[in-house]
Amino acid sequence: MPGMVDTHIHASQYSYAGTALDMPLMQWLHTYTFPVESGYKDLEFANRVYSKIVTRTLKNGTTTACYFATIHTDASLLLAKIANDFGQRALVGKVCMDRNDFVEHYKETTQESQEETCRFIAELLKRKYRLVKPVVTPRFAPSCTGALLGQLGEIAKNNNLHIQSHISENIDEMKFVKELFPDSETYTDVYHKHNLLTDKTVMAHGIYLSDEELALFRETGASVSHCPNSNISLCSGVLDVRNVLKHKVKLGLGTDVAGGYSASMLDAVRRTLDSSKFLKIKHQEHDTLTFEEVFRLATLGGSQALSLDDQTGNFEVGKDFDALRVNVAARGGPIDLIQCDGPKIILEKFLNLGDDRNIVEVFVAGKKVVPFKETTPE
């Protein structure tokens, strides 16, 4: 099957994945996330965590990942190197934030953020990694001044780069954005005014986007990353994926570690199906997603959301061979095959029941990257 595409994951949060899920977003950030991320000035710590998250996601079938790192340029470059060394296709973003009222020591000045972003981009492009590219990464509107957002929009435009951030994840967050940017009609308008909505932009969550905002996403070519585990775990809300697709907005799936507790895209598939059924329970007229549709979102949909579908996402001739070889009947695995089922049923069983024990080999751009070679850095 085609490799899976994680359109939103915080590599720097992997150290506490599976814990710290007892607060809503804004409290969660200043209680757990910002203190942990501030520790990535320690490159030894960064190396340990980043090596683990890259190998973990690859073993679970993520051939392409769109990563948030931290504000630390050198550690962010280290994440890019590790992804390259292990052979994962990746977009890596040095986080930008010049406003943080919660953890004073974890932020930059506007000038520092601009200069370090330019240094990160220049250094990463100079390394000429074939599969790993920089992505301009304003953390989200509440942690950035308008001046910084404008500068980042210019940097992305001048270098023709991808952009990633968060939008409309949580009600309190949205109220905060309105207080900080009173001249903007909507959360989407904040980014649009600063040239951060392009056909290479991916925005995580988007739970509360209005139809007018979705129309602007469609018009600009920006995409949404649906992160259902995080949306549920932090009690943020439930995205109506069907409505996003109805507006013809590009959409992929994200694990959103560590707001989402699992780094596996199979979990993202299952939670997407669950979330669709939650909406059906609440609104009987809701048209639930099928597993075939969600399978597409985890593969080709993700590559379209990241504007990488000319390179990956399915097995069209001319694209790179990003693929998983799956053994549904792997010895000691979680799936028991009782009868002779057809390919479609076997795929459904894998999506609902499978794990990394079923993923025998992983290929990225035609190169086998899992199992890991003994010489590959751990």
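So here's what we get for this one:
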quantity: Amide hydrogen neighbours beyond the local backbone of Val132, cut-off 5 Å, H modeled; calculated: Ala90
quantity: Loop-exposed trypsin sites (Lys or Arg not before Pro) per DSSP, neighbour cap 13 Cβ within 10 angstrom, longest uninterrupted part of the chain; calculated: 1-126
quantity: Estimated [θ] at 222 nm from DSSP helical runs (n ≥ 4, -39500 (n - 2.57)) normalised by residues in the chain, nearest 500; calculated: -11500 deg cm²/dmol
quantity: Relative contact order, percent, the chain [alpha-carbon distance under 8 Å, six or more residues apart]; calculated: 20
quantity: Relative contact order %, region 4-115, counting alpha carbon pairs below 8 Å whose residues are six or more apart; calculated: 30
quantity: Net lengthening on full extension, Glu348/Tyr16 (0.36 nm per residue, minus Cα-Cα); calculated: 116.5 nm
quantity: Whole-number Å³ per residue for the convex hull built on Cα positions in region 63-118; calculated: 79
quantity: The chain - share of DSSP beta bridges that are antiparallel (%, nearest 5); calculated: 20
quantity: For Ser184, net neighbour charge (Lys/Arg +1, Asp/Glu -1) across residues whose Cβ lies under 15 Å away; calculated: -4
quantity: Cα gyration tensor shape of region 94-150, rounded if a/c is under 1.5, else prolate or oblate by comparing a/b with b/c; calculated: prolate
quantity: Where N is the number of residues in region 249-378, Cα Rg divided by 2.2 N^0.38 Å; calculated: 1.16
quantity: Pairwise centroid distance, computed over Cα atoms, of region 75-114 with region 143-191, Å; calculated: 17
quantity: Largest-first ellipsoid semi-axes for region 1-59, taking √(5λ) over the Cα gyration tensor eigenvalues, angstrom; calculated: 22, 17, 9
quantity: Prolate/oblate/rounded call for region 300-344, Cα gyration tensor, a/c under 1.5 rounded; calculated: prolate
quantity: Residue among Glu116, Glu361, Glu219 with the largest mean-square fluctuation in a Gaussian network model of the chain, springs linking Cα atoms under 10 Å; calculated: Glu219
quantity: Selected from Ile207, Ile155, Ile53 as most flexible by GNM, with the chain as the system and alpha-carbon contacts under 10 Å; calculated: Ile155
quantity: Average accessible area per residue (Å²) across the chain - probe 1.4 Å, nucleic acids and ligands excluded; calculated: 41
quantity: Directionally averaged projected area (convex hull, Cα atoms, region 266-339), nm²; calculated: 7.4
quantity: Normalised convex hull volume, the chain, alpha-carbon set, Å³ per residue; calculated: 137
quantity: Two-site FRET efficiency, Asp172 against Glu112, from Cβ-Cβ distance with R₀ of 30 Å, rounded to 0.05; calculated: 0.60
quantity: At 1.002 mPa s and 20 °C, Stokes diffusion of region 319-378 via Kirkwood alpha-carbon radius, µm² per second; calculated: 167
quantity: Gyration tensor (alpha-carbon) shape descriptor, region 201-300, a/c threshold 1.5; calculated: rounded
quantity: GNM result for the chain, Cα springs below 10 Å: residue of Val326, Val317, Val238 fluctuating most strongly; calculated: Val317
quantity: Fraction of accessible area attributable to carbon and sulfur, region 265-309 (%, probe 1.4 Å); calculated: 53
quantity: Span from the region 205-245 Cα centroid across to the region 3-40 one, whole angstrom; calculated: 20
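The values are calculated or read from the model by the stated rules, or taken from the named source; none is laboratory data. Everything numeric in this text was worked out from a predicted model, so none of it was measured. As a convention, Cβ positions derive from the backbone with ideal geometry for all residues, glycine included, and neighbour counts pool all protein chains shown. Side chains are part of the model used for accessible areas, which takes the heavy atoms of the whole protein and leaves out ligands, DNA and RNA. Shrake-Rupley method; radii C 1.70, N 1.55, O 1.52, S 1.80 Å.
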